[in-house]
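Everything on this sheet refers to the single structure shown next.
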Amino acid sequence: MSTTAELLAEAVSASKADSKRSESLYKQILSSTEPSTHEANQQTQTLRDQETALVNLGQLYRDQNNAPGVAEVITLSRSFMSSTAKAKTAKLIRTLLAYLNAIPDSQKIQMAVLQDNIEWAKREKRIFLKQSLETRLAGLQLETHEYKPALALIDTLLTELRRLDDKMILTEVHLLESRVYRGIGNLAKAKAALTSARTAANSIYCPPALQSSLDLQSGILHAEDKDYTTAYSYFYEAFENLSTQGEDDGKALSALKYMMLCKIMLNLPEDVTSLLSIKLAVKYAQLREVESMRSVAKAHQARNLADFEKALKDYKEELSSDPTIRSHLSDLYDALLQQNLLRIVEPYSVVELEYVAECVGQGRQSIETKLSQMILDKVFYGVLDQGRGCLLVFNEPKTDEMYDSAIGTLGQVSKVVESLYAKSVSIA
């Protein structure tokens, strides 16, 4: 009978040529048990081989995009995990969950696996593993926009973590809470949660990856407040840290895109080109995500609404997938449309709505709505004559200061009369 080490070596060599055979061998290793009469060293080696087989089988299923397979491996691993140290258990389950996370469109399976393993961790009284899994589950619920259950889970977690005084996980959960509140549009609570995260982070050594996540969230919240200068500085810090680590290019690329967005929103689109020439940004310069932001910057610099719409259409996936970029570009589009409309209507006292719509390449109904909004916001003074289909533009009315002066004079006279009346009463 072959030993687990021999079976493992055979499975590894067969993994590329015959994945079915490799899968069968890994399962054979996991199901094998060493008699209690065997030496302790041999039992330890068997456990080590089984751990390697678990990880390799998870990798095999990950490469095949087999999410149910990875979920099965995690379930199979429980009998093995019961006989290992708790620290090793947490590391092993995190590794297998990372493999599951790498499979596209596997969120529902991940959530089911996490909930199942959380219940198992509760039964086994593995508190720290349970908290780690619950944090991951809350993150998945945020990704799938299930904000209500995410907040309920975070509230429970925070109560436990404050009692245990685990600052590291407390920082992560407060950051997660901030992202959830930002997702539902409650910026006040998002800022409060981020402040709590930074307070917890200040009392411990904060890993660079976590510090970068805090900086990213700070930048996003400042951008929501239209404070793009401060937001840019946070995004730059995050981009510098993430690029130096070289661990997560996805987050580094997001930080770079946010930096470009801030330059565009500050009406400095010409700075986007110089931004991409810095040493850390050069390797991202040719990526489609960066090219999408460069196209938006060019359209904004030229004040060309047609080019802006073309960029939004050509790079729809890159510009719409990120809610931060999507919301700010929507504001930018409105501002650009407003500037174009003002440029068209300002030379006229009466102008046809059809002509205005034709000039900006929009439908008449949307142009009517935008012009009425601009009139109500007092961007310019005018009236929409829908019967004639025209816009009547007026000069800005000049306020007559005589009325203010008259009111002021009457106020002073009133004070004098009251003073005289008070004196007359005292004399009498």
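The values are calculated or read from the model by the stated rules, or taken from the named source; none is laboratory data. None of these values were measured; they are calculated from a predicted model. Methodologically, a virtual Cβ is constructed for each residue, glycine included, from the backbone with ideal geometry; neighbour enumeration extends over all protein chains shown. SASA here: full protein model, heavy atoms, side chains in, ligands and nucleic acids out. Shrake-Rupley method; radii C 1.70, N 1.55, O 1.52, S 1.80 Å.
Couple of notes before you dig in:
- Checking each residue in the range 198-239 for being over 26 Å from LEU268 (Cβ atoms) and either at pLDDT 95 or above or touching a Ser or Thr at 6+ places or on another chain (Cβ under 6 Å) (or both) picks out ALA200, ALA201.
- Every listed requirement among (1) touching a residue at least 24 places away in the same chain (Cβ under 8 Å); (2) in a helix (DSSP H, G or I); (3) open to solvent by less than 60 Å² (accessible area, probe 1.4 Å); (4) not polar (S, T, N, Q) is met by CYS206 save one, (2).
- None of SER274, SER327, SER295 is at pLDDT 85 or above, among the small types (Gly, Ala, Ser), open to solvent by less than 70 Å² (accessible area, probe 1.4 Å) and over 30 Å from HIS145 (Cα atoms) except SER274.
- The set of residues in the range 279-310 that are part of a loop (DSSP other than H, G, I, E, B) and farther than 22 Å from LEU266 by Cβ comprises GLN286, LEU287.
- Filtered residue count, the range 358-402, keeping only those that are in a loop (DSSP other than H, G, I, E, B) and either surrounded by fewer than 11 Cβ atoms within 10 Å (Cβ to Cβ) or not β-branched (Val, Ile, Thr) (or both): 16
- Which numbered condition LYS226 fails, given (1) assigned to a helix (DSSP H, G or I); (2) within 18 Å of the chain's Cα centre (by Cα): (1)
- Near pairs, Cβ below 9 angstrom, 6+ apart or cross-chain, from the range 12-39 (modelled with pLDDT under 65) to any residue that is of a type in the set (Val, Ile, Thr): THR33/THR46; GLU34/THR4; GLU34/THR46; HIS38/THR46
- Contact annotation: residue pairs with Cβ atoms under 7 Å, 6 or more positions apart or on different chains, pairing a residue in the range 305-331 that is within 15 Å of MET260 (Cα to Cα) with a partner that is of a type in the set (Phe, Trp, Tyr), are THR324/TYR258.
- Tally, over the range 136-149, of residues that are within 16 Å of THR95 (Cα to Cα) and surrounded by fewer than 18 Cβ atoms within 10 Å (Cβ to Cβ): 0
- Extreme residue, surrounded by the fewest Cβ atoms within 10 Å (Cβ to Cβ), among residues of the range 221-242 that are of a type in the set (Phe, Trp, Tyr) and within 13 Å of ALA255 (Cα to Cα): TYR236
- Any chance LEU158 is assigned to a helix (DSSP H, G or I), on the phi < 0 side of the Ramachandran plot, crowded, with 19+ Cβ neighbours inside 10 Å and among the hydrophobic types (A, V, I, L, M, F, W, C): no
- Residue in the range 43-67 that is nearest to the chain's Cα centre (by Cα), counting only those that are of a type in the set (S, T, N, Q) and assigned to a helix (DSSP H, G or I): GLN59
- Scanning the range 125-135 for residues that are open to solvent by less than 60 Å² (accessible area, probe 1.4 Å), in contact (Cβ under 8 Å) with a residue 40 or more places away in the chain and farther than 25 Å from ASP322 by Cα turns up ARG126, LEU129, SER132, LEU133.
- Flag if ILE127 is of a type in the set (Val, Ile, Thr), touching a Pro at 6+ places or on another chain (Cβ under 9 Å) and either modelled with pLDDT of 85 or more or over 24 Å from THR52 (Cα atoms) (or both): no
- Residues (open to solvent by 40 Å² or more (accessible area, probe 1.4 Å) and not in a loop (DSSP other than H, G, I, E, B)) located in the range 343-357: ARG343, VAL350, GLU352, GLU354, TYR355
- The set of residues in the range 391-421 that are closer than 25 Å to ILE375 by Cα and either hydrophobic (A, V, I, L, M, F, W, C) or touching a residue at least 60 places away in the same chain (Cβ under 8 Å) (or both) comprises LEU391, LEU392, VAL393, PHE394.
- The residue of the range 298-323 that is nearest to the chain's Cα centre (by Cα), among those that are among the charged types (D, E, K, R), modelled with pLDDT of 85 or more and surrounded by fewer than 16 Cβ atoms within 10 Å (Cβ to Cβ), is GLU317.
- Search result, residues across the range 171-193 that are open to solvent by less than 50 Å² (accessible area, probe 1.4 Å) and within 20 Å of GLN131 (Cα to Cα): THR171, VAL173, HIS174, LEU175, LEU176, GLU177, SER178, VAL180, ALA193
- From the options LYS251, LYS298, residue that is within 19 Å of PRO208 (Cα to Cα) and not aliphatic (A, V, I, L, M): LYS251
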